[in-house]
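For reference, the structure discussed in these notes is given below.
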Amino acid sequence: MSEFKPEKVHRVILKLSGEYLAGKRGFGVDNQALEDICNEIIEVRKLGYSIGIVIGGGNYFRGSEHPDVHRAAADNVGMLATLQNAVIMANSLQAKNYAVEIFSAFECAKVAKYYTYQCASDDMKKGKICFFAGGTGNPFFTTDTAAILRAVELECDIVLKGTKVDGVYTSDPHKDPNAQFIADLTYHEAISRQLNVMDMTAFSLARDYNVPIKVFNIGIQGSIRECLTNKDFGTYVHS
């Protein structure tokens with residue numbers, strides 16, 4: 001059985017939902033939520049980790065909530081929303097004197113570099129905190145899939161998926177009081193038990209390219225650091 005080894009982790013992708021940035025407001029960006037997440041990112045950067053961030057756009061626009069809009073059009077709007085979030089977070093980190101770079105999966109030269117894995121890898125090597133916006137650049141794919149794709153391309157050691165719960169459960173703990181926490185999970189177990197780790201396209205890509213995932217509660221103070229340094233924190237998903 002594979003085991004999470006913190007000492008082997010150096011380059012990471014953080015998958016963050018847009019809803020987290022909305023905080024108590026429920027829409028847009030909550031200043032306290034923004035401050036908290038940027039401070040946590042800085043904390044792990046100071047520990048020497050190379051960090052790439054894939055953020056969703058659900059705090060601005062979620063295509064599934066607009067069934068009258070063509071799916072491709074709705075996904076394009078959602079991808080634009082991820083770029084908005086990346087610009088806001090990058091600005092906050094720059095104000096704290098940290099070097100950042102925004103990459104977009106589609107051309108938007110005024111606010112972001114066009115993503116290539118060579119340029120992104122070079123900037124991560126330079127110590128920049130890199131944002132990967134625009135999802136995969138294509139409709140019908142989630143930002144979960146984008147996170148795994150970037151991890152594969154950039155040879156990252158792990159993908160950290162921040163959620164509202166402590167990790168993976170046997171069912172939704174917000175709906176089922178008998179839901180049980182699962183600390184360690186293989187790809188095969190997640191698929192056979194139909195556990196909601198990520199969407200199946202993302203999860204299949206992670207399995208095929210052996211990208212480990214840690215699912216954790218982003219709402220706990222210091223959770224990103226704990227996720228990287230504490231093998232017992234969150235749920236570890238592996239081959």
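A few comments on the model shown:
- Test: residue in the range 9-27 that is out of contact with any strand residue (DSSP E or B) (no Cβ under 8 Å at 6 or more places or on another chain) and closer than 28 Å to LYS125 by Cβ: no
- Single condition ASN97 does not satisfy, out of (1) in contact with a Gly (Cβ under 9 Å, 6 or more places away or on another chain); (2) of a type in the set (S, T, N, Q); (3) surrounded by fewer than 20 Cβ atoms within 10 Å (Cβ to Cβ): (1)
- Screening the candidates ALA202, ALA190, ALA206, ALA151 for the property of being under 22 Å from ALA74 (Cα atoms), crowded, with 18+ Cβ neighbours inside 10 Å and either in contact (Cβ under 8 Å) with a residue 24 or more places away in the chain or of a type in the set (Asp, Glu) (or both) yields one hit, ALA202.
- Residue list for the range 109-142, restricted to those being of a type in the set (Val, Ile, Thr), closer than 20 Å to SER50 by Cα, touching a residue at least 60 places away in the same chain (Cβ under 8 Å) and assigned to a loop (DSSP other than H, G, I, E, B): none
- The number of residues in the range 43-59 that are within 17 Å of ILE102 (Cβ to Cβ) and either polar (S, T, N, Q) or surrounded by fewer than 20 Cβ atoms within 10 Å (Cβ to Cβ) (or both) comes to 2.
- Residue satisfying all of: in the range 1-34; surrounded by 12 or more Cβ atoms within 10 Å (Cβ to Cβ) and of a type in the set (D, E, K, R); modelled with the lowest pLDDT among these: ARG25
- Among residues of the range 154-164 being in a loop (DSSP other than H, G, I, E, B) and modelled with pLDDT of 95 or more, the one that is surrounded by the fewest Cβ atoms within 10 Å (Cβ to Cβ) is GLU155.
- Taken over the range 86-140, the criterion of being among the basic types (Lys, Arg), out of contact with any Cys (no Cβ under 8 Å at 6 or more places or on another chain) and within 14 Å of ILE41 (Cβ to Cβ) is satisfied by LYS128 alone.
The values are calculated or read from the model by the stated rules, or taken from the named source; none is laboratory data. Being a predicted model, the structure only gives us computed values, none of them experimental. Glycine also receives a Cβ, built like all others from the backbone with ideal geometry; neighbour counts cover every protein chain displayed.
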